Every structure is written in C-alpha cells, then in structure tokens.
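Beneath this line is the structure, given in structure tokens, with notes to follow.
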Ligand code: SF4
C-alpha cells in the first residue's frame with residue numbers, strides 16, 4: 001500500500017494533459033465571448049448526417065461531456081432545424097440524403113450558415129465517387145466553413161467553431 005501511494009505521489013495525475021487544458025481554456029474563453037457578441041449568448045446547431053460512418057458524430061458527442069462542455073459556452077445541439085442558427089453537416093452526401101439535407105437547410109430560419117464536418121463532405125477521403133455519392137456538398141449548399149479530419153477530434157471541432165465565429 002505504501003508503495004502504491006509513493007508511486008501516486010511521484011507520478012501525479014498521468015492522464016492530465018496540462019498543455020491541452022491551457023489551450024482549451026483560452027479557446028473556450030474566445031468562443032464564449034464571440035457567442036455572446038454575435039449570437040446574444042446562444043448559438044444553436046443542427047447536426048445533419050448526409051451519409052457518414054458515424055465517427056464524426058461520435059466526436060461531436062464528446063463535445064457535450066464534462067471536459068469539453070460546449071453548452072456552458074452557449075452552444076447547444078438542437079433537434080429541429082427550425083430552432084437552429086447553423087447546420088453542421090457530416091457525411092459524403094449520398095443521393096438518397098440530398099433532398100433531405102436541402103429540406104433541413106430550407107427549414108433553418110435566416111440568417112443561417114453551414115459548416116461541413118470531416119473529410120467526407122469535401123470528397124477528400126475516404127470514399128471514391130460512386131453511383132450513390134453526390135459529393136462534394138458545396139455543389140448543393142453554401143458552405144461557410146469546413147472542418148477537416150477523418151474524423152476531426154473534439155479539439156479540432158472546437159477550433160473549427162472558433163474559426164467560423166471569427167469568419168462571420
Ligand atoms: S470524414 Fe471520416 S470519420 Fe467523418 S464520416 Fe467521413 S469517413 Fe467517417
């Protein structure tokens with residue numbers, strides 16, 4: 001037991017990444033200020049999957065955990081496009097999903113923006129053009145900002161959201 005506590009005291013918390021914590025703290029502050037200034041403190045995002053492998057969505061789910069905690073910055077994921085300011089679009093844009101994605105976009109009240117998420121929507125990877133794929137998405141919707149990665153990590157997504165907020 002003494003050995004265990006000696007090791008704990010010597011090693012500290014090994015899962016803690018202090019550099020990431022610091023970087024995230026600064027980004028969070030910038031996002032929170034920007035959301036307050038540009039969206040009166042509340043930015044609603046409707047996520048739409050146009051034919052993804054679901055890894056992009058899994059990374060987005062992590063944004064709601066207690067570590068990234070986007071809701072605390074005023075950013076929330078909403079169930080209806082009618083409540084959204086921004087569409088976060090993942091996936092390769094299949095022919096079957098194209099009319100539904102366009103329909104969801106039409107339902108978002110103006111002013112509205114689209115952020116494409118992951119390499120799929122830009123037709124960068126990993127799929128090839130086939131009879132089922134109607135990518136790239138910028139042929140169908142006006143894309144304001146693109147967040148690259150396959151999948152992008154939660155930190156990449158948060159950085160991408162900040163870039164988007166600076167851009168508009
Ligand atoms: S970009 Fe990669 S991780 Fe995201 S949906 Fe496409 S294949 Fe999946």
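Could you list, in sequence order, all residues of region 36-58 that are part of a helix (DSSP H, G or I) and surrounded by fewer than 20 Cβ atoms within 10 Å (Cβ to Cβ)?
Scanning region 36-58 gives 36, 37, 38, 39, 55, 57, 58.
Identify, by number, the condition in (1) away from the ligand (no atom under 16 Å from the Cβ); (2) more than 24 Å from residue 30 (Cβ to Cβ); (3) in contact with a helix residue (DSSP H, G or I) (Cβ under 9 Å, 6 or more places away or on another chain) that residue 95 doesn't meet.
All conditions pass for residue 95, except number (3).
Which ones in region 140-154 are within 19 Å of residue 35 (Cβ to Cβ) and either surrounded by 16 or more Cβ atoms within 10 Å (Cβ to Cβ) or within 15 Å of the ligand (Cβ to nearest atom) (or both)?
At the first step, the residues of region 140-154 found to be within 19 Å of residue 35 (Cβ to Cβ) are 144-145, 147, 154.
Once the filter is applied, which keeps residues that are within 19 Å of residue 35 (Cβ to Cβ) and either surrounded by 16 or more Cβ atoms within 10 Å (Cβ to Cβ) or within 15 Å of the ligand (Cβ to nearest atom) (or both), region 140-154 yields 145, 147, 154.
Could you say whether any residue in region 67-76 is buried (at least 18 other Cβ atoms within 10 Å of the Cβ), touching a residue at least 12 places away in the same chain (Cβ under 8 Å), within 12 Å of the ligand (Cβ to nearest atom) and under 24 Å from residue 166 (Cα atoms)?
no
Mind listing just one residue for me: the one in region 110-122 that is within 12 Å of the ligand (Cβ to nearest atom) and in contact with a helix residue (DSSP H, G or I) (Cβ under 8 Å, 6 or more places away or on another chain) and, of those, nearest to residue 158 (Cα to Cα)? Don't jump to the end; show me each part of the working.
Within region 110-122, the subset within 12 Å of the ligand (Cβ to nearest atom) is 116-122.
Among the residues that remain, those that are also in contact with a helix residue (DSSP H, G or I) (Cβ under 8 Å, 6 or more places away or on another chain) are: 116-118, 120-122.
On the way: 116: 13, 117: 11, 118: 13, 120: 18, 121: 18, 122: 19 Å.
Filtering first and then ranking leaves 117.
Which pairs have Cβ atoms under 7 Å, sit 6 or more apart or on different chains, and link a residue in region 39-65 that is closer than 11 Å to residue 117 by Cα to one that is more than 16 Å from the ligand (Cβ to nearest atom)?
Going by the 7 Å Cβ cut-off, the qualifying pairs are 47/77; 48/104.
Every read-out reported here was derived from the displayed coordinates using simple, explicitly stated rules and does not represent laboratory data. Given the structure is predicted, the values throughout are model-derived calculations rather than measurements. Glycine gets a Cβ as well: all are built from the backbone with ideal geometry, and neighbour counts include every protein chain shown.
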